[in-house]
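All remarks here apply to the structure that follows.
Read the figures in this text as sums done on the coordinates, not as results from a lab. Computed from a prediction, not measured in an experiment: that's the story for all the values here. Here Cβ is always computed from backbone atoms with ideal geometry, including for glycine, and neighbour counts include all displayed protein chains.
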Ligand SMILES: NC(=O)c1ccc[n+]([C@@H]2O[C@H](COP(=O)([O-])OP(=O)(O)OC[C@H]3O[C@@H](n4cnc5c(N)ncnc54)[C@H](OP(=O)(O)O)[C@@H]3O)[C@@H](O)[C@H]2O)c1
């Protein structure tokens, strides 16, 4: 039981992770770029905050609030992500910049801002994709998304090395297809074998317990993609 921070909590897997962590009695800081309505969450221990994970100033203010409240961080789940699917000829520099900002830089900014509040046993879980898993099957149109998700994988490995002696744990989950709005927008008609609720419950459990078994690991979480 502790304080968990979840980015990209407005919808999809992030929302389900926040709900599952709260259902298990944790205090959850559900972050979104938009101001979420606390009344929608039904859990008094879920606190919603407007934090755009690509904005260092937002992270600073949020960390300041936690510090002022005397909170410490047990876990961070980087679920926010941005998917643009276009042929390479149509991908703009902004598409690449936005993808890398949301998928790779944001998790680093989160750690930078929150690390003074990390508990010794903190677990940082970043959601990457099978597309960013080295040697996996790749799909056309995913150059910006998959390469930025691969950067998130490498980031996790580097952070584990950099902070290993503090006892902190960093793991990255490379997800296969999960039925969310992101998937439906990128691959209309495709039916994923796993719902957002199922994956959210799995990630919530992993965030609480996975660091007993895994540290600095890149884990494929997929029943379909090789
Ligand atoms: N669904 C899948 O099949 C699948 C597969 C592999 C990996 N993943 C990864 O799992 C995570 C959750 O995915 P999901 O399917 O739940 O997606 P989703 O429903 O689109 O939710 C992603 C969240 O990311 C935030 N976001 C979107 N664009 C952003 C941007 N440009 N900058 C910062 N934040 C942004 C949004 O949060 P706010 O609006 O609340 O800020 C949104 O709620 C993502 O990192 C995704 O890449 C998903």
Where only C-alpha atoms are counted, convex hull volume of the range 76-174 per residue in Å³
84 Å³
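As a test of the formula, what do you get for the chain when each DSSP H run with n ≥ 4 contributes -39,500 (n - 2.57) and the sum is divided by the residue count, at 222 nm and rounded to the nearest 500 deg cm²/dmol?
Details: 7 runs with 83 residues, N = 226.
For the chain, the value works out to -11500 deg cm²/dmol.
Semi-axes of the equivalent ellipsoid for the range 1-79, please: Cα gyration tensor eigenvalues, times 5, square-rooted, ordered largest first, whole Å.
17, 15, 11
Which of the peptides 29-41, 182-194 is most tightly packed, and how do the rest follow, judged by the mean count of other Cβ atoms within 10 Å per residue?
Numbers: 29-41: 16.7, 182-194: 13.3.
Peptide ranking by packing, descending: 29-41, 182-194.
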Taking all pairs of different Cα atoms in the chain, averaging 1/r and flipping that mean, what Kirkwood radius in angstroms comes out?
17.4 Å
Between residue 37 and residue 65, 0.36 nm times their residue separation minus their Cα-Cα distance comes to what?
8.2 nm
